[in-house]
Amino acid sequence: MNIDIKHIAKLSRLHIEDEKLSKFEADMQNIVDMVEKLPDINEELNLDESNAMTLREDKAVLNKYTRQELMQNAQSVKAGCLVVPKTVE
């Protein structure tokens, strides 16, 4: 598989210096090779019932900040509401 790093960089709007292109091509080829070596998983996932995951309990934090504290970071506030640029005519 031929990997064109210049094309990938153009699509992702990245600037890669010419002297680093070969390193990035080698790194990308190593990643592709590693992924191709991964085994196919065609069977259902087997979970170990004796080693079940323990999920944390969600704890809601109420009234941590006041409305005024939150509005301090807004560019524009009018009548207690955020003012945003008009997007629909």
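The values are calculated or read from the model by the stated rules, or taken from the named source; none is laboratory data. Given the structure is predicted, the values throughout are model-derived calculations rather than measurements. Note: ideal-geometry Cβ built from the backbone for every residue, glycine included; neighbour counts use all protein chains shown. To get the accessible areas, we keep the full protein, side chains included, count just its heavy atoms, and leave off ligands, DNA and RNA. Shrake-Rupley method; radii C 1.70, N 1.55, O 1.52, S 1.80 Å.
Here the spin labels are modelled as points 7 Å beyond Cα on the Cα-Cβ line, and at D33 and K6 they lie 2.4 nm apart. Axis angle, to the nearest 10 degrees, between helix 21-37 and the longest C-alpha principal axis of the chain: 80 degrees.
Solvent-accessible area assigned to carbon and sulfur over the chain amounts to 53 percent, based on a 1.4 Å probe. The protection proxy used here, the mean number of other Cβ atoms lying within 10 Å of each residue, ranks peptides 75-81, 56-62, 43-49 as follows, highest first: 75-81, 43-49, 56-62.
Regarding the chain, what is the average projected area of its C-alpha convex hull, in nm²? In nm², the orientation-averaged hull projection of the chain is 15.1.
The amide H of V77, built 1.01 Å from its N in the peptide plane, has V83 as neighbours under 5 Å, considering only residues 5 or more places off or on other chains. Of the trypsin sites (Lys or Arg not before Pro) found in the stretch 11-42, the ones in coil according to DSSP and having at most 16 other Cβ atoms within 10 Å of their Cβ are R13. A Förster distance of 30 Å, applied to the separation of the beta-carbon atoms of C81 and A60, puts the FRET efficiency at 0.80.
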